[in-house]
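Worksheet: one structure, shown below.
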Amino acid sequence: MEALTARFVSRILVGTAALLGAAVAVSAPPRLIVEAPPSLAAYAREVERLDPKAFLPAMELTGLWEPGDVRVLVAPEGSPLARRAPSWAVAYADPPAGTVVLIPTRTPVWPDDGLPDVVRHEVAHVLTYRAANGRTVPRWFHEGLAMAAGRERVIEDDVREALAILTGPRLRFAQVDGLFQGGRSDANRAYSLSSAFFGDLLARHGSAFPQRVLRRMAEGRPFEEAFRSATGVAFRDETAVFWTSRRSLERWLPILTSTAAVWFAIVLLAAWAVRVARGRKATRLATWEAEERAALQDEPLEARLSEDGDDVGAERDEDRKKVEDPPLVN
């Protein structure tokens, strides 16, 4: 029975891959117009070498099979474009302008892993905007779709989602959108919750669910009305189901106790320990420096210049004698 099921699933996957490949053949993946200064030309070439099929998941999720051109600006650190992004952000999208800005000298961090993932993620934002015909899409929906289109899921995604759901307060998704405007830890929780909720919606309503929502929004409906029309369920009811089902510890226990999760926790603890140790060392050095400056200020000057400007004491006499004596010659 298991072998039969495995063969059946394998055939579905092969058939799906064939259909998606055919879709790419008859559609026009987004054309990236890359601009970069000479010092960052190597990064521009890496972006230009991306396989057009890399954008297929975003095209499928948005239902946008002729997405048009996307301008990619490769910006150096310190430039006006780079300063528009938080210090931890490697890239950002300006969907109305059809533009993605990359800051490739920064190190990619979760939820992206490498420059190709970053590009796929940001291009997905542009496609989402275009599929909704420029109408306002909630940020959690934007990010959930971009994360689903950007790369394959890894164990880190599951662990982060579990921690965000089980250890933080229950939030309305309008509040989740607000977390993206906070610091890095708030943004990480917002990414995790967006990914988890969007993944649950895909599981319950199918991979065509987001394109149905975006199509109805493009027709002029507001998000919640488009959501209900596309799913047959009120948005508020879906959020309640999400929090109720995801707050069960039994659901997450196998993931949280897995070997991969344990090693991931060890790595996080090690990174935290290094950060704390560096902070303590910096504080200790600053304290020592302050104490040394205070000691120098309080130390009495035992050897001062006399009023007439001459040194006093035996050392001055000895120095004068050395000057008066002729140098030794060997």
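When region 192-233 is filtered for residues that are farther than 17 Å from Thr136 by Cβ and touching a His at 6+ places or on another chain (Cβ under 9 Å), the ones remaining, listed by number, are Arg212, Thr231, Gly232, Val233. In summary, Lys53 fulfils each of the numbered conditions (1) closer than 27 Å to Gly144 by Cα; (2) at pLDDT 95 or above; (3) among the basic types (Lys, Arg) with the single exception of condition (2). Looking at Ala226, Ala234, which one is farther than 25 Å from His125 by Cβ and at pLDDT 95 or above? After ruling out the rest, the residue left standing is Ala234. Any chance you could count how many residues in region 68-89 are at pLDDT 95 or above, closer than 22 Å to Val137 by Cβ and surrounded by 16 or more Cβ atoms within 10 Å (Cβ to Cβ)? Count: 3. Among the residues of region 93-107, those that are over 15 Å from Ile33 (Cβ atoms) and surrounded by 18 or more Cβ atoms within 10 Å (Cβ to Cβ) comprise Pro95, Ile103, Pro104. Among what's in region 154-203 and is basic (Lys, Arg) and touching a helix residue (DSSP H, G or I) at 6+ places or on another chain (Cβ under 8 Å), pick the residue that is surrounded by the fewest Cβ atoms within 10 Å (Cβ to Cβ). The extreme case among them is Arg172.
What's the total number of residues in region 44-90 that are over 30 Å from Ala218 (Cβ atoms), touching a helix residue (DSSP H, G or I) at 6+ places or on another chain (Cβ under 7 Å) and not in a loop (DSSP other than H, G, I, E, B)? Number satisfying all stated conditions: 2.
Annotation note: of Ala164, Ala149, Ala93, the sole residue that is of a type in the set (A, V, I, L, M), part of a strand (DSSP E or B) and touching a residue at least 24 places away in the same chain (Cβ under 8 Å) is Ala93. So for region 135-153 (the condition being more than 13 Å from the chain's Cα centre (by Cα), modelled with pLDDT under 95 and either in the same structural domain as Pro95 (by TED's automatic domain parsing) or acidic (Asp, Glu) (or both)), does at least one residue qualify? Checking region 135-153: at least one residue is more than 13 Å from the chain's Cα centre (by Cα), modelled with pLDDT under 95 and either in the same structural domain as Pro95 (by TED's automatic domain parsing) or acidic (Asp, Glu) (or both).
Can you spot a residue in region 210-220 that is touching a Pro at 6+ places or on another chain (Cβ under 9 Å), hydrophobic (A, V, I, L, M, F, W, C), in contact (Cβ under 8 Å) with a residue 12 or more places away in the chain and surrounded by 14 or more Cβ atoms within 10 Å (Cβ to Cβ)? Among the residues of region 210-220, not one is touching a Pro at 6+ places or on another chain (Cβ under 9 Å), hydrophobic (A, V, I, L, M, F, W, C), in contact (Cβ under 8 Å) with a residue 12 or more places away in the chain and surrounded by 14 or more Cβ atoms within 10 Å (Cβ to Cβ), which makes the answer no.
Does Thr128 satisfy the condition of being hydroxyl-bearing (Ser, Thr, Tyr) and either surrounded by fewer than 18 Cβ atoms within 10 Å (Cβ to Cβ) or touching a strand residue (DSSP E or B) at 6+ places or on another chain (Cβ under 7 Å) (or both)? No; evaluated as a whole, the condition is false for this residue. Among the residues of region 109-128, those identified as touching a helix residue (DSSP H, G or I) at 6+ places or on another chain (Cβ under 6 Å) and not in a helix (DSSP H, G or I) are Pro111, Asp112.
The values are calculated or read from the model by the stated rules, or taken from the named source; none is laboratory data. Please read all numbers here as calculations on a predicted model, not as lab measurements. All Cβ positions, even for glycine, are placed from backbone atoms using ideal geometry, and neighbour counts span all protein chains on display.
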